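Below you'll find the structure, written out as structure tokens, and then a few comments.
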Amino acid sequence: MLNNKITRITGIIEETLGLSLKEKKFEEYSKNLREAAITLGFEDIESFSEKVSASGNKLSSEEKRVLAAYLTVSETYFFREKPAMSMFISTILPQLIKNKREDKIRIWSAGCSSGEEPYTIAIIINEHFPQLRKNDFEIIATDINPNVITKARNGLYTPWSFREIPDLYTKKYFTKEGENFRISDKIKECVKFDILNLVSDMYPGESDGYQNLDIIFCRNVLMYLNHNHIKNISKRFHKILKDDGWFISSQVELNDELFAQFSKVYSDDGIFYRKGELIKKNQNERISKRIQESVSNKIPLDKNKKRQLRDVKEELTYSRPVSHELELLFNESKYIECIKIALTEIDKGNDDLTILNILAKSYANSGQYKLATDVLDKIISQNPASDDTYYLYGTILAENNEINKAKTMFKKGLYINPDNLLSHFMLGNILKDEGNTKAAMIHYRNAMDITGRIKEEEVERLFHGMNIKRLREFISKFIDNSL
């Protein structure tokens, strides 16, 4: 009887708060739910469930707040997922500053937990963009859990929150209090905290009916919500972002189906979503028409005619300045300039793999997928043993809906390296979408097995700060959803 009560109240909580609770361990979940019920004044889960049932399966505001406090995950830290912070510093904010007119730059940290993310954003702005005055930008930070919002407003953190922050920033923006650290008032004043349920509450500016946000950070949040709620949240994010606004998710939450209305922007370390890029792709294709007409002469794919690679040391010495320039341009989203410079270098006989990789990603980001795959063909002809190249090839093909070819590329990469965790994960997702859950399970379980052999630092590199424990929980969710 008690299990039936838990099942019923779980369904109501999932629908109201959006949390996907069925994948949680029963003992841990029932313990947290019992504690929430007691906090609300009930003897046990059964009596709480009966009260909610008698109320028409509706939760009161107080019940929502308490349940959120007990059932949501709140573990985070400063400067989490460095690729996102690097992209914010090198590309996103400089572009916003350049295009800024009268309006202030508005940033929303959705699902901010105890405040480390929005405070990190404020520190970055203060440190790297001193030309921005306080009234030039606004950082809104929200979370469903009232307890973590209270902690964020207080601004006192344990050493565990500082495992990725540079020591310089700790000394500059925090004051030690016993074993803990308190954030400076200067940074605290930059952030406005509030309680918000992404499923049912109004978003910043949504009631006004206009696009008012430049960036939405929502990382390691949506993975805990159910599929339908994620799709709806994604649509609402897209609606309130300004044209060319950015949506920054965790790298492990990337999903072409759920975030289909956004375009993807590739960087060296990650993929990020942007609104309005489809228009730019069409413009870029027109601008680069002359390049397309001559590209076949500049990138010969005939293996019999390709020249041999130089000694690695000579290649690096020869191309380092050009590679560095290309990386800077790529990080600024200047893809057409990247293409022109890369093709000029190739015409000189410089087919360094770094240049070719940036060329492939620039073509992909400007919507020229055929040319991107042509470049990848050349890379494979020079370095056929690279499973990472096959993975990149597969992701581009998958984005262009060439699913069968994408599967072939992922499989080729796995033939070279059966322990390529990302390829297993992507194949699992494709097969699951095709309804082949049995085959998908094989790849998900292979990915899970690999987490038992892979080093912690490799997981952090591939999944941008996620530890092995969290990764295993994430893969477990996909396995559970495929059963």
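None of the figures in this text is laboratory data; all of them are computed from the coordinates on show. Source: prediction; values computed, not measured. A quick note on method: Cβ atoms are made from the backbone with ideal geometry, for glycine too, and the neighbour counts reach across all protein chains shown.
Using the structure shown, select from LYS31/LYS477; LYS98/LYS231; LYS134/LYS176; LYS104/LYS469; LYS58/LYS188; LYS82/LYS172 the pairs with a Cα to Cα distance greater than 28 angstrom.
Checking Cα-Cα distances, LYS98/LYS231; LYS104/LYS469; LYS58/LYS188 exceed 28 Å.
Could I have the simple spin-label model distance between ASN57 and GLU257, label points 7 Å from Cα toward Cβ, reported in nm to one decimal?
Between ASN57 and GLU257, the simple spin-label model gives 2.4 nm.
Highest mean first, what order results for 420-427, 67-74, 179-186 on Cβ atoms within 10 Å?
The peptides rank, most packed first, as 420-427, 67-74, 179-186.
Measuring from the lowest to the highest alpha carbon on each principal axis, how far does region 82-275 reach, largest first, in angstroms?
That gives 47, 36, 35 Å along the principal axes, largest extent first.
Could you give the length gained by full extension between ASN99 and LYS186, i.e. 0.36 nm per residue of separation minus their alpha carbon distance, to one decimal place?
28.7 nm
With labels modelled as points extended 7 Å from the Cα through the Cβ direction, what inter-label distance (nm, one decimal) is found for LYS405 paired with HIS324?
Distance between label points: 3.7 nm.
For a quick protection proxy, order the peptides 367-378, 340-351 by their average other-Cβ count within 10 Å, most packed first.
Listed from highest to lowest mean packing, they are 367-378, 340-351.
For the residues HIS238, HIS324, HIS128, HIS443, what sequence is obtained by ranking on other C-beta atoms within 10 Å, fewest first?
Exposure proxy ranking, most exposed first: HIS324, HIS128, HIS238, HIS443.
How do CYS190, CYS112, CYS338, CYS218 rank when sorted from fewest to most other Cβ atoms within 10 Å of their own Cβ?
Starting with the residue having the fewest Cβ neighbours, the order is CYS190, CYS218, CYS338, CYS112.
Going by how many other beta carbons lie within 10 Å of each one, how would you line up MET202, MET85, MET409, MET448, fewest first?
Neighbour counts put them in this order, fewest first: MET202, MET448, MET85, MET409.
Rounding to the nearest 20 debye, state how big the charge dipole of region 122-228 is about its Cα centre with +1 on each Lys and Arg Cβ and -1 on each Asp and Glu Cβ.
Its charge dipole is roughly 460 debye.
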